[in-house]
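Engineer: Dumping the structure here so I can ask a few things about it.
The values are calculated or read from the model by the stated rules, or taken from the named source; none is laboratory data. The shown structure was predicted, so the numbers you read here are calculated from the model rather than taken from an experiment. Cβ: placed from backbone, ideal geometry, glycine included. Neighbour counts: every protein chain shown. The protein model used for the area step is the full one, side chains on, heavy atoms only, and it has no ligands, DNA or RNA in it. Shrake-Rupley method; radii C 1.70, N 1.55, O 1.52, S 1.80 Å.
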Amino acid sequence: MTAPAIPLIGYSDRLSVRPGERIAFKVSSRLEAPYEARLVRVTSADPNPDGPGLREEALPAAFAGRYPSRVQEMRLGSYMVVEDARALGTLPCLAVTALARPTLPDRGLQAVVSLRAREGGVALCIDGKGRVALALDSTEGEREIFPVEGAIPDGAWLRVWACLDLLGGRAEAGWEALDQALARKASARWSIEPRAALAPESLTVAVLDAATGEGLFNGRIEAPALYGHAEPSTTEADALARWDFGLGIEGFETRDRGLLGLHGQLVNRPLRAVKGAAWTGEEMCWRHRPEHYAAIHFHEDDFGDAGWETDFEYEVPADLPSGLYAVRLSGDGVEDSIPFIVPPPKGERRADLCVVIPTFTYVVYGNHARVDFSDAWRERAADWGASPWNPCDHPEFGLSAYNKHADGSGIALVTHLRPMLTLRLGYITLVDQKGSGLRHLQADTHILAWLEAKGHSYDLLTDHDLDEEGAAALAGYAAVFTSSHPEYHTGRTWDAFKAYRDGGGRLAYLGGNGFYWRVARHPEHRDALELRRAEGGIRAWAAEPGEYYHAFDGAYGGLWRRNGRPPQQLVGVGFSAQGLFEGTCYRRAATSYEQRFSWLFDGLEGEQIGCHSLSGGGAAGFELDRAEAALGTDRNAVVLASSSGHPGHFTVVFEELLSHVATLYGDSKDDLVRADMVYWETPSGGAVFSAGSITFCGALPVDDFDSDVSRLVDNLLTHWLSGRVSDESGGGRL
């Protein structure tokens, strides 16, 4: 059953905006009356009545007021378009060819190549019954479908073609499998009513009609071409148009090597750098043999920039403190929120502490439709007054890189230029019987709420800022905190953290499963991120062999560990085990009782730490990181505490396993199911603290922000801000 459309929803053109810069807001309102917009500063996005609750402060803003309601739609589905095809002239005869591998041949009418004119149109299609077909549209809007009898073989690359003699009243179409093992082909010829020559105005690939979005294609297409005669035998030399998808793989334009140079545009960002009909497995990188990757994978549910019109803008005042802000939209009893980050002015620091907000991770997870979604979620959201919209009910805004396309292939390209329901204030990710069930932005506000409660001033930066500015963005801060789950990074963000640490910075990694996957950011379309889930790792889907290199930058994708940069090299711990959203506590190691660490554990009693958390019930849970010297944990790093006794549903990550009984480094699988809390000093005078658990920050608000985890982190930050990294009276460096 289709859920009713969301009545009021919006997004911003930026996730991070500095003082003096402008941010634009785009809104779709189905309300009959105008809606209202206002600005708030946010310090907690947790709707749990037993937690800190939603905490926000209303602020004046020039844009605040009422705006007329209007509906703005987001259209899914990718295709190629030549918007002005009039250079083709008048065509009494034409032949269309392409290589195609349909992935959902029974989905309905799907166009491979389509030409539209005022006098109707013609398209080479898959007819919805697994057959190649020719579709003819008349000026009266009538459509005739001429199918080639015989279903095409599943998963095969085909050469498909259609020929049309409009004046002579003759049409034919056919296909042949390129895999010689299949040795199948079929064709058909028909007599049609003679009609006027076609004068195409637009030409599309992978959609029947771009104006309506009808006939979207699912699968891969290569080398579409158009000829000015009605013969199925063709040569490249006489092609009016022939698009080579092996050219310009990095971008969203296509190049025509035919006589007319009708270059095209890709709409809604289909996936490139995918195996084409010529791929043999001899080369695994598209940069080395682009002719083996001369295909594009189109999907009916691809998405890119939603392209909504701007309703209002906000120029951030010069004196606005760094922090998390949101535009609150309201009207007729419904609300929406559009969060954004305000860093300090570029080149300035307004606090000694910087918290880096993992916006790349937020975008990758954006609109994650989870398999555990049920009515229990709806009931929890209603009981708590949480954000009521869930991506499982509303896939119309495009899903996340943790979901799959309709044809089963993974969603590899994502953007923030669309409504992201998971990025709303008060959004709960899952029903957590022991806590709030938060992840990402909402969970990360536990850090902000804690800083506010303890009176610590802070600046916020984002992954987008670090990727743009590199190490300079972090330079000069006395301490830098990560969030609960900084999972996705480009080379520039990874390098920025490393440069800060190696330059004497004090880096606290307060999460788990961080610095795990490599992503690429498009050099021109800066909103677009690309992810290739290559080789191994805990994965929602797997990239096909031969498709591990990003299209955007040509770099090898997958785990940072597979790229020679295990997280242990940066923060001392790396992803080791995962279970359900459930946590336990840490147990202090003997070393933690040494005098040199007395400052860190001042005020803590007992052997256990973090037995209560608003995330999964315990500070060590869900996704756990451990120290491992073989993967780069610094030889001076000290394991201060470790978790144990995790339930049986926790499992070691796949990259640690050699077989069903053997692990890569000789430990038993049970030994690898743990979170390690580590600390060490760097040769340059800095230090690193790592918690090794996603649920760690959920313990900060416990006991009115006076939990043992709260005291521990407060001791750490206070010590670092004083200019010290260890207790010199206790032995100096670790």
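Matching residues to (1) open to solvent by 10 Å² or more (accessible area, probe 1.4 Å); (2) out of contact with any strand residue (DSSP E or B) (no Cβ under 9 Å at 6 or more places or on another chain); (3) farther than 30 Å from ALA177 by Cα:
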residue	(1), (2), (3)
ALA33	yes, no, yes
ARG38	yes, no, yes
ASP46	no, no, yes
LEU54	yes, no, yes
LEU59	yes, no, yes
MET80	no, no, no
LEU94	no, no, no
ARG116	yes, no, no
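Engineer: Restricting the first residue to the range 433-460 and requiring it to be of a type in the set (Lys, Arg), which pairs with a second residue that is in a helix (DSSP H, G or I) and at pLDDT 95 or above meet a Cβ separation below 8 Å and a spacing of at least six or different chains?
Structural biologist: Within 8 Å, the pairs are ARG439/TYR365; LYS454/PHE705; LYS454/SER710; LYS454/ASP714.
Engineer: While we're here: Restricting to strands (runs of 3 or more DSSP E) lying wholly in the range 1-110: which have 1 or more residues that are under 30 Å from GLU452 (Cβ atoms) and modelled with pLDDT of 95 or more?
Structural biologist: Per the criteria, 8-12, 22-29, 35-45, 54-59, 65-67.
Engineer: Further question on the same structure: Working carefully through the options LEU658, LEU664, LEU640, find the one that is surrounded by 21 or more Cβ atoms within 10 Å (Cβ to Cβ), closer than 27 Å to TRP560 by Cβ and not aromatic (Phe, Trp, Tyr).
Structural biologist: Result of the check over LEU658, LEU664, LEU640: LEU640.
Engineer: Continuing with the same structure: Within the range 188-197, work out how many residues are open to solvent by 40 Å² or more (accessible area, probe 1.4 Å) and either in a loop (DSSP other than H, G, I, E, B) or without any contact (Cβ under 8 Å) to a residue 40 or more places away in the chain (or both).
Structural biologist: Number of matching residues: 6.
Engineer: Restricting to the range 375-404, and then to whatever is free of Cβ contacts under 8 Å to residues at least 24 places away in the same chain and not hydrophobic (A, V, I, L, M, F, W, C), can you tell me which residue is nearest to LEU104 (Cα to Cα)? Show your work before the answer.
Structural biologist: To start, the set of residues in the range 375-404 that are free of Cβ contacts under 8 Å to residues at least 24 places away in the same chain comprises 375, 378-379, 382-383, 388, 392.
Remaining after also requiring not hydrophobic (A, V, I, L, M, F, W, C): 375, 378-379, 383, 388.
Working: ASP375: 31, ARG378: 32, GLU379: 36, ASP383: 41, PRO388: 33 Å.
Filtering first and then ranking leaves ASP375.
Engineer: Let me ask something else. Give the number of residues within the range 268-285 that are surrounded by fewer than 19 Cβ atoms within 10 Å (Cβ to Cβ), touching a helix residue (DSSP H, G or I) at 6+ places or on another chain (Cβ under 6 Å) and on the phi > 0 side of the Ramachandran plot.
Structural biologist: Adding up the residues that qualify gives 0.
Engineer: Is the range 543-552 home to any residue that is open to solvent by 20 Å² or more (accessible area, probe 1.4 Å), under 21 Å from ASN513 (Cβ atoms) and touching a residue at least 12 places away in the same chain (Cβ under 8 Å)?
Structural biologist: Checking the range 543-552: at least one residue is open to solvent by 20 Å² or more (accessible area, probe 1.4 Å), under 21 Å from ASN513 (Cβ atoms) and touching a residue at least 12 places away in the same chain (Cβ under 8 Å).
Engineer: Ok, one more. Please pick out the residue among ALA171, ALA135, ALA162 that is under 22 Å from PHE245 (Cβ atoms), in contact with a Ser or Thr (Cβ under 9 Å, 6 or more places away or on another chain) and in a strand (DSSP E or B). Steps first, answer last, please.
Structural biologist: Numbers: ALA171 fails: under 22 Å from PHE245 (Cβ atoms); ALA135 fails: under 22 Å from PHE245 (Cβ atoms).
Going through ALA171, ALA135, ALA162 in turn, the sole match is ALA162.
Engineer: For the range 198-223, what are the residues that are of a type in the set (Asp, Glu) and assigned to a strand (DSSP E or B)? Steps first, answer last, please.
Structural biologist: Restricting attention to the range 198-223, the residues satisfying the condition of being of a type in the set (Asp, Glu) are 201, 209, 214, 222.
Within the range 198-223, ASP209, GLU214, GLU222 qualify.
Engineer: Within the range 508-538, take every residue that is charged (D, E, K, R) and open to solvent by 10 Å² or more (accessible area, probe 1.4 Å) and give me the one that is farthest from THR462 (Cα to Cα).
Structural biologist: Step by step, filter the range 508-538, then rank; the result is GLU535.
Engineer: Looking only at the range 223-273, filter to residues that are within 17 Å of ARG116 (Cα to Cα) and not hydrophobic (A, V, I, L, M, F, W, C); which one of those is farthest from the chain's Cα centre (by Cα)?
Structural biologist: GLY228
Engineer: If you check PHE481 against the conditions, is it open to solvent by 10 Å² or more (accessible area, probe 1.4 Å) and of a type in the set (Phe, Trp, Tyr)?
Structural biologist: Spelling it out, it is not the case that PHE481 is open to solvent by 10 Å² or more (accessible area, probe 1.4 Å) and of a type in the set (Phe, Trp, Tyr).
Engineer: Give the residues of the range 675-693 that are under 24 Å from HIS440 (Cβ atoms) and open to solvent by 10 Å² or more (accessible area, probe 1.4 Å), sorted by residue number.
Structural biologist: none
Engineer: While we're here: What is the one condition in (1) acidic (Asp, Glu); (2) touching a strand residue (DSSP E or B) at 6+ places or on another chain (Cβ under 6 Å); (3) within 30 Å of ASP50 (Cα to Cα) that GLU656 does not satisfy?
Structural biologist: Result: GLU656 passes all but (3).
Engineer: Suppose we filter ILE341, ILE296 for residues that are hydrophobic (A, V, I, L, M, F, W, C) and either under 30 Å from GLY455 (Cα atoms) or more than 26 Å from the chain's Cα centre (by Cα) (or both); which single one remains?
Structural biologist: ILE341
Engineer: Now for a separate question. Could you please find all residues in the range 123-132 being open to solvent by 10 Å² or more (accessible area, probe 1.4 Å) and either in a strand (DSSP E or B) or under 20 Å from ASP179 (Cα atoms) (or both)?
Structural biologist: ARG131
Engineer: Moving on to the next point. Please verify whether ASP465 is assigned to a helix (DSSP H, G or I) and in contact with a Ser or Thr (Cβ under 6 Å, 6 or more places away or on another chain), treating the condition exactly as stated.
Structural biologist: The answer is yes for ASP465.
Engineer: Filter the range 440-458 for residues that are among the polar types (S, T, N, Q) and not in a loop (DSSP other than H, G, I, E, B) and give the result. Break it down stepwise before answering.
Structural biologist: Here is the first cut: in the range 440-458, the ones among the polar types (S, T, N, Q) are 442, 445, 457.
Hits for the range 440-458 are GLN442, THR445.
Engineer: Filter the range 149-202 down to residues that are of a type in the set (Val, Ile, Thr) and more than 40 Å from the chain's Cα centre (by Cα), then give me how many there are.
Structural biologist: Matching residues across the range 149-202 total 1.
Engineer: I would also like to ask the following. Tell me, please, whether a residue that is of a type in the set (Phe, Trp, Tyr) and either within 25 Å of GLU452 (Cβ to Cβ) or touching a strand residue (DSSP E or B) at 6+ places or on another chain (Cβ under 6 Å) (or both) can be found in the range 665-672.
Structural biologist: Among the residues of the range 665-672, not one is of a type in the set (Phe, Trp, Tyr) and either within 25 Å of GLU452 (Cβ to Cβ) or touching a strand residue (DSSP E or B) at 6+ places or on another chain (Cβ under 6 Å) (or both), which makes the answer no.
Engineer: For the range 229-267, give me each residue that is polar (S, T, N, Q), within 29 Å of GLU530 (Cα to Cα) and surrounded by fewer than 21 Cβ atoms within 10 Å (Cβ to Cβ).
Structural biologist: Taking the range 229-267 as the starting set, the residues that turn out to be polar (S, T, N, Q) are 233-235, 254, 265.
Add one more test, that the residue is within 29 Å of GLU530 (Cα to Cα), and what stays is 254, 265.
Hit for the range 229-267 is GLN265, nothing else.
Engineer: Also, quick follow-up: Restrict the check to the range 497-507 and report whether at least one residue is touching a strand residue (DSSP E or B) at 6+ places or on another chain (Cβ under 6 Å), under 27 Å from PHE622 (Cα atoms) and buried (at least 23 other Cβ atoms within 10 Å of the Cβ).
Structural biologist: Within the range 497-507 (the criterion being touching a strand residue (DSSP E or B) at 6+ places or on another chain (Cβ under 6 Å), under 27 Å from PHE622 (Cα atoms) and buried (at least 23 other Cβ atoms within 10 Å of the Cβ)), the answer is yes, since at least one residue qualifies.
One line per residue, one yes/no per condition, for (1) crowded, with 22+ Cβ neighbours inside 10 Å; (2) at pLDDT 95 or above; (3) of a type outside the set (Lys, Arg):
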position	(1), (2), (3)
GLN568	yes, yes, yes
VAL573	yes, yes, yes
THR584	yes, yes, yes
ARG588	no, yes, no
ARG596	no, yes, no
TRP599	no, yes, yes
LEU604	no, yes, yes
GLU607	no, yes, yes
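Engineer: I'd like to check something: does the range 405-412 contain any residue that is open to solvent by 10 Å² or more (accessible area, probe 1.4 Å), free of Cβ contacts under 8 Å to residues at least 40 places away in the same chain and of a type in the set (Asp, Glu)?
Structural biologist: No, that holds for no residue.
Engineer: Of everything in the range 214-243, what is charged (D, E, K, R) and at pLDDT below 95? Give them in sequence order.
Structural biologist: Correct list: GLU231, GLU236, ASP238.
Engineer: Taking the condition at pLDDT 95 or above and either of a type in the set (Ser, Thr, Tyr) or farther than 16 Å from ARG131 by Cα (or both), does VAL205 pass?
Structural biologist: So VAL205 passes the test.
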